[in-house]
1. Just one of (1) 84; (2) 111; (3) 94 is volume of the Cα convex hull per residue in Å³ as worked out from the coordinates here. Which one is it?
2. How much area per residue is accessible in the chain when the probe is 1.4 Å and only protein heavy atoms are counted (Å²)?
3. With every protein chain kept in the model, how would you rank 46, 8 by accessible area, 1.4 Å probe, largest at the top?
4. Grab the Cα-Cα distance for residue 31 and residue 67, subtract it from 0.36 nm times how many residues apart they are, and report the gain in nm with one decimal.
5. Using a 1.4 Å probe on the protein chains only, how many percent of the accessible area of region 1-59 belongs to carbon and sulfur?
6. Compute the Cα gyration tensor for region 36-78, then decide on rounded, prolate or oblate, letting a ≥ b ≥ c be the square roots of its eigenvalues: rounded whenever a/c is under 1.5, prolate when a/b is larger than b/c in the other cases, and oblate in all that remain.
7. Using Cα-Cα distances under 8 Å and only pairs 6 or more residues apart, what relative contact order does the chain have, in percent?
8. Projected onto the charge dipole of the chain (+1 at Lys/Arg Cβ, -1 at Asp/Glu Cβ, origin at the Cα centre), which of 39, 16, 50 gives the Cα projection farthest towards the positive end?
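The values are calculated or read from the model by the stated rules, or taken from the named source; none is laboratory data. What you see is a predicted model; the values in this text were computed from it and never measured. Note that each Cβ is placed from the backbone with ideal geometry, even for glycine, and that neighbours are counted across all protein chains shown. These accessible areas exclude ligands, DNA and RNA; they are computed on the full protein's heavy atoms, side chains included. Shrake-Rupley method; radii C 1.70, N 1.55, O 1.52, S 1.80 Å.
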Amino acid sequence: MTLDPNFIDLKSVPCPLNVVKCKLALEKLSNEDILLVELDKGEPEIMVKSTLENMGYKLDIVKSEKDWIRFEIKYEFS
């Protein structure tokens, strides 16, 4: 387990709890910070991606494994 505030492992965390945890983690960071999030593929990946993109965040895939994915999340300035 890591204590890095810029990384959260949400593998095996069900929807919509993983979306809520991502939002809470992003609220603790400045707009310039980057958050790394690991999620299960499928519904968790889709829900987190669509919700955060609608909130103005940009998600880039950093790593993609068979069952999980790692996103780099940063605020997209207008």
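1. Correct label is (1).
2. On the way: 5010 Å² over 78 residues.
That works out to 64 Å² per residue.
3. The ranking, largest first, comes out as 46, 8.
4. Numbers: separation 36, 0.36 × 36 = 12.96 nm, distance 2.95 nm.
Value of the extension gain: 10.0 nm.
5. Numbers: 2050 of 3600 Å².
Using a 1.4 Å probe with all protein chains present, region 1-59 comes out at 57 percent carbon and sulfur.
6. On the way: a/c = 3.41, a/b = 1.66, b/c = 2.05.
Oblate, because a/c is 1.5 or more while a/b does not exceed b/c.
7. Details: 115 pairs, mean separation 24.9, N = 78.
It rounds to 32 percent for the chain.
8. The residue sitting most towards the positive pole is 16.
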